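Have a look at the structure below before the remarks.
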Amino acid sequence: MEPNRDDSGRFAAPEIVWQPHPKFQDRVWLHVLLFALTLASTTFMGAWDYQGFLDGFSNSPSLLMPFPALLVRGLWYSGTILAILGCHELGHYFACRYYNVDASLPFFIPAPFVTGTFGAVIRIREPFPSKRALFDIGIAGPIAGFLVAVPALFIGVALSNVIRVPAAFAGDELGEPLLFKLAAWTFWGTVPDGYSINLHPMGFAAWFGLLATALNLFPIGQLDGGHISYAVLGRRSIYVTGTTVCIVAGLTFYASSWMFFTGLVIVMLVLFGPRHPPVPDEHAALDSTRLLLALCAIAIFILCFTPAPITLSSLTKH
């Protein structure tokens, strides 16, 4: 092939055309596969959760319906938890699309026990262009997930029932966030001594959604709360991070169920450091609307938080 020549007949350097890297490119098959696996794992765990709901607080659980029928009932749980987690991550994703910040579709993470999932995440592939973008992307997820979790919680609690706890029954007690207490009081009033709410699987999924929202709103590092805290306070957010880490570590002495989350926080801080990555306009102030939304995030955290998420064997009655 003959080389390029300019108008004078001399050889010309080949023209180099710069093309930006395409954004929002995903291996869709991988996201679909992970979603399908998580749907399967949460439906399987939801089936056993529904079986537990039918058994109430019985010390002798029994299979009250064929397992295929139980799997269908497992969708009460799986559909609810996937909706909450999915809307949370899609809130982040669509905020990234709005600001043209390259991000992946949600990765759902299956788990073979208890909740059936470790949650869902998106991968943000480039730095945040501004403090406003950081704040909006950070807060969009918790708000979107919370808006789904609230009606699911009230419906799930309404589908529950109040039954007597048998003598010498040992089980796990779920901590009750303020929002859960409100829903329980709305439908069941004051539960008498010796009785407890037998939580419907949809209610359990909503409870887990509230817990996930609260954990994400802790103002630490790369968590959603860390993004919000840095956007509001700038570099001073490092003091909030340090204080919060101490509080989380202290919670492990109150309830052992905090140990896993505390370990994750420590690993995150070791890998990424305690300081939030800076944005170009770090010293710019947020507008009053976003400051009001930051207060809303604090309110959501308070409504979703419980100091003892799971207490082992606390339902024992003598």
Tyr77 at negative phi and in contact with a Pro (Cβ under 7 Å, 6 or more places away or on another chain): yes
Residue satisfying condition, being under 26 Å from Ser58 (Cα atoms), of a type in the set (D, E, K, R) and in contact with a strand residue (DSSP E or B) (Cβ under 7 Å, 6 or more places away or on another chain), within set Asp193, Asp172: Asp172
Residue in the range 184-196 that is more than 14 Å from Gly209 (Cα to Cα), touching a Ser or Thr at 6+ places or on another chain (Cβ under 9 Å) and among the β-branched types (Val, Ile, Thr) present: no
Selection within the range 277-290 - part of a helix (DSSP H, G or I) and either of a type in the set (Gly, Ala, Ser) or surrounded by 13 or more Cβ atoms within 10 Å (Cβ to Cβ) (or both): Ser288, Arg290
Residue match in the range 248-263 (condition: small (Gly, Ala, Ser), within 18 Å of Ser229 (Cβ to Cβ) and buried (at least 17 other Cβ atoms within 10 Å of the Cβ)): no
Of all residues in the range 30-62 being more than 23 Å from the chain's Cα centre (by Cα) and assigned to a helix (DSSP H, G or I), the one that is surrounded by the most Cβ atoms within 10 Å (Cβ to Cβ): Phe53
Among residues of the range 63-88, those that are under 30 Å from Phe128 (Cα atoms) and either surrounded by fewer than 24 Cβ atoms within 10 Å (Cβ to Cβ) or without any contact (Cβ under 8 Å) to a residue 24 or more places away in the chain (or both), counted: 4
Close pairs (6 angstrom Cβ cut-off, 6 or more residues apart or separate chains): surrounded by 20 or more Cβ atoms within 10 Å (Cβ to Cβ) in the range 133-159, of a type in the set (Ser, Thr, Tyr) anywhere: Ala133/Tyr99; Pro142/Thr213; Gly145/Thr213; Phe146/Thr213; Ala152/Thr80
Residue selected from the range 163-200 under the condition more than 20 Å from Ala299 (Cβ to Cβ) and among the β-branched types (Val, Ile, Thr), by the criterion surrounded by the fewest Cβ atoms within 10 Å (Cβ to Cβ): Thr190
Candidates Val265, Val245, filtered to the one that is more than 18 Å from the chain's Cα centre (by Cα) and either assigned to a helix (DSSP H, G or I) or closer than 21 Å to Pro307 by Cα (or both): Val245
Counted residues, the range 84-97 - those being of a type outside the set (D, E, K, R) and more than 11 Å from the chain's Cα centre (by Cα): 7
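Restricted to the range 103-135, and to residues that are assigned to a loop (DSSP other than H, G, I, E, B) and hydroxyl-bearing (Ser, Thr, Tyr), which residue is nearest to the chain's Cα centre (by Cα)?
That would be Thr115.
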Filter pass, Cys246 being out of contact with any Gly (no Cβ under 9 Å at 6 or more places or on another chain) and free of Cβ contacts under 8 Å to residues at least 24 places away in the same chain: yes
Ala149 being closer than 30 Å to Val101 by Cα and not hydroxyl-bearing (Ser, Thr, Tyr): yes
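None of the figures in this text is laboratory data; all of them are computed from the coordinates on show. Keep in mind that this is a model prediction, so the values were computed, not measured. Positions of Cβ are backbone-derived with ideal geometry, glycine not excepted, and every protein chain shown enters the neighbour counts.
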